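The values are calculated or read from the model by the stated rules, or taken from the named source; none is laboratory data. These figures come from a predicted structure and were not determined experimentally. Ideal geometry is used to build each Cβ from the backbone, glycine not excepted, and the neighbour counts take in all protein chains shown.
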Amino acid sequence: MRNKSFGIKLGLLFLGTIVLFIIFIINRKIINNVRQDAKVQVENIALAYSEVIHKEQGDIPNFISIFLPTINFPFVITFNGEFYGHNDHQIFKNKNNDELNKFISQFILKNNSKFDPLPIIWNNEIMGKIHYGDPNIILQLTLLPYIEISFIIVFIMFVFWGFKIIRDSEKNLIWAGMARETAHQLGTPISSLYGWMKLLEENSIKKDDIYSSINEDITRLSNISDRFYKIGTKPKLEKIDIILMIHKIKDYFTKRLSKNTKINFYYDNNEKFIFKGDFILIVWAIENVIKNAFDASNYNNPEIDINVFKTNKSILIDFSDNGTGIHKSKWKKIFEPGYTSKKKGWGLGLSLTKRIIEDLHKGIISVIESNHKGTTMRIVFQIN
C-alpha cells in the first residue's frame with residue numbers, strides 16, 4: 001500500500017510536469033503568433049505611411065488620429081531619429097510632456113531590443129521608423145502559465161494532503177488491527193491452556209501428553225512477542241526445511257481443531273525443499289494462510305490441501321480450501337490492511353503475511369484460482 005501510494009504521488013508529479021510543459025509550449029506558440037500578427041500590422045502601417053507621405057505629405061497627423069487608434073498595441077513613430085507621434089494606447093495616457101518624452105525614450109530603447117523597428121520608406125529612402133511593443137493580450141498570456149502553475153501546485157498539495165489523511169487513517173487502522181491481532185495471537189494458546197486445565201481436572205488424558213502440549217503453547221506465547229518485533233526489523237535468515245516446518249504447523253493445528261477438520265499435506269519425498277528465511281516469521285505467515293483457509297472452508301467439513309513442489313529456482317506452496325470461493329475482483333484486495341469479509345475481523349492477517357513474504361523475504365503470495373469449489377492461494381520462495 002505504501003509503495004502504491006508513493007507510485008501514485010510520483011505519477012501525479014510526472015503528470016503535473018507534463019501538463020506544465022504542454023501549457024508552456026502552447027503559451028509560447030500563442031504569444032509568438034500574436035506577436036507575428038502585430039508585426040504584420042506594423043508592416044501594413046509602415047506601408048500605409050509611405051503611401052500617405054507620397055500622396056498627401058501634409059496629412060500625416062490626420063492619418064495618426066484616424067487610423068492608429070484602432071491598433072491594440074503601443075507604437076511610436078520617429079522621423080530622422082526625432083519623435084513624431086504615437087497611437088492612442090493607454091500606456092501613453094495621463095503624462096505631461098516631460099514625463100511623456102522620457103517614457104517614449106525608454107519605450108523605444110526597451111522595445112528595439114525585442115523587436116526590430118520597421119522602416120517607413122519613400123523614394124527608396126528611409127524617412128522614419130515605427131517602434132512597437134507587445135499587444136495587451138501578451139501580458140495576460142505571459143501571466144497565464146504562472147496562474148495555471150499555481151492552480152496545479154495547489155491541486156497537487158491538496159492531493160498530497162488527502163494522501164496524508166488516508167495514510168494516517170491507515171496507520172490508525174493498522175495499529176488497531178495490530179492490537180486485535182495480538183489479542184488473537186494470544187487468545188489461541190491461552191484457550192488451549194484453558195482446555196488442557198479442564199482435561200487435567202477430568203483426568204481424561206495422560207498427563208505426560210498434556211504437559212507436552214502445554215509446553216508447546218507456552219513456547220508459542222513466548223514467540224508472539226518475537227513475531228511483532230521481527231515484523232518491523234530486517235529478518236535474520238537461516239536455512240529452513242519447509243517440509244519439517246509445515247509438518248509441525250499441521251500437528252499443532254490438528255491437535256486443536258475439531259475431529260471433522262482435515263489437513264492434507266502433499267510433497268515429493270525424493271526432493272529437498274530448503275531455502276533461507278526467518279523461521280519465526282515464515283511460521284507466522286503460513287499459520288495465517290492456514291487460518292484464513294479454515295475460515296473460508298466449508299463449515300461442516302472443513303478441509304485444506306497443502307501441496308509443496310519446486311522448480312529450478314523456486315519453492316511453491318499451494319493452500320487449497322473447500323469454501324465458496326472469492327470473486328476475482330477481490331483477489332488482490334484481500335491482502336490490503338483493513339479488508340475483511342468477517343464480521344469480527346480486522347483484516348490484518350493476510351496483509352501481515354504479504355509483508356512477511358514479499359517485503360521481508362522477496363517472495364510472492366497471491367490467489368491463483370478460486371471458484372464455487374474453493375480457493376487456492378500460492379506462496380513462492382526463491383531458492384537461495
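Yes/no matrix, rows are residues, columns are (1) among the charged types (D, E, K, R); (2) touching a Lys or Arg at 6+ places or on another chain (Cβ under 9 Å); (3) part of a helix (DSSP H, G or I):
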{"site": "Glu99", "(1), (2), (3)": "yes, no, yes"}
{"site": "Lys110", "(1), (2), (3)": "yes, no, yes"}
{"site": "Ile121", "(1), (2), (3)": "no, no, no"}
{"site": "Gly128", "(1), (2), (3)": "no, no, no"}
{"site": "Asp134", "(1), (2), (3)": "yes, yes, no"}
{"site": "Ile138", "(1), (2), (3)": "no, yes, yes"}
{"site": "Tyr146", "(1), (2), (3)": "no, no, yes"}
> Of the residues Lys313, Lys262, Lys276, which single one is assigned by TED's automatic domain parsing to the domain that holds Ile368, without any contact (Cβ under 8 Å) to a residue 60 or more places away in the chain and of a type in the set (D, E, K, R)?
Replying inline: Lys262
> Are there any pairs with C-beta distances below 9 angstrom linking a residue in the range 93-111 that is assigned by TED's automatic domain parsing to the domain that holds Lys39 and surrounded by 10 or more Cβ atoms within 10 Å (Cβ to Cβ) to a residue that is modelled with pLDDT of 80 or more and assigned to a helix (DSSP H, G or I), with the two at least 6 apart or on different chains, and if so which?
Replying inline: Lys95/Lys102; Lys95/Phe103
> So which of Gly11, Gly58 is at pLDDT below 65, small (Gly, Ala, Ser) and out of contact with any strand residue (DSSP E or B) (no Cβ under 7 Å at 6 or more places or on another chain)?
Replying inline: Gly58
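Restricting to the range 28-47, name every residue that is closer than 20 Å to Leu141 by Cα and crowded, with 16+ Cβ neighbours inside 10 Å.
Ile31, Val34, Arg35, Ala38, Gln41
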> surrounded by fewer than 20 Cβ atoms within 10 Å (Cβ to Cβ) and in contact (Cβ under 8 Å) with a residue 12 or more places away in the chain: does that describe Lys291?
Replying inline: yes
>> Can you confirm whether Ser329 is within 35 Å of the chain's Cα centre (by Cα), assigned to a helix (DSSP H, G or I) and hydroxyl-bearing (Ser, Thr, Tyr)?
In response: yes
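Residue-by-condition table, conditions (1) modelled with pLDDT of 90 or more; (2) crowded, with 17+ Cβ neighbours inside 10 Å; (3) in a helix (DSSP H, G or I); (4) within 26 Å of the chain's Cα centre (by Cα):
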site: Asp305; (1), (2), (3), (4): yes, yes, no, no
site: Lys343; (1), (2), (3), (4): no, no, no, no
site: Leu350; (1), (2), (3), (4): no, yes, yes, yes
site: Phe381; (1), (2), (3), (4): yes, yes, no, no
site: Asn384; (1), (2), (3), (4): no, no, no, no
> So, in the range 313-339, of the ones that are surrounded by 19 or more Cβ atoms within 10 Å (Cβ to Cβ) and more than 15 Å from Arg378 (Cα to Cα), which residue ends up modelled with the highest pLDDT?
Replying inline: Gly323
> Out of Ile249, Ile218, which single residue is under 40 Å from the mean Cα position of the chain (by Cα), modelled with pLDDT of 65 or more and not charged (D, E, K, R)?
Replying inline: Ile249
> Regarding Glu358, is this residue closer than 26 Å to Lys259 by Cα and surrounded by 15 or more Cβ atoms within 10 Å (Cβ to Cβ)?
Replying inline: no
> Across the range 267-301, what is the number of residues that are outside any helix (DSSP H, G or I), modelled with pLDDT of 90 or more and of a type outside the set (Phe, Trp, Tyr)?
Replying inline: 9
> What is the number of the single condition among (1) more than 17 Å from Lys39 (Cβ to Cβ); (2) at pLDDT below 70; (3) not in a helix (DSSP H, G or I) that Asn72 does not meet?
Replying inline: (1)
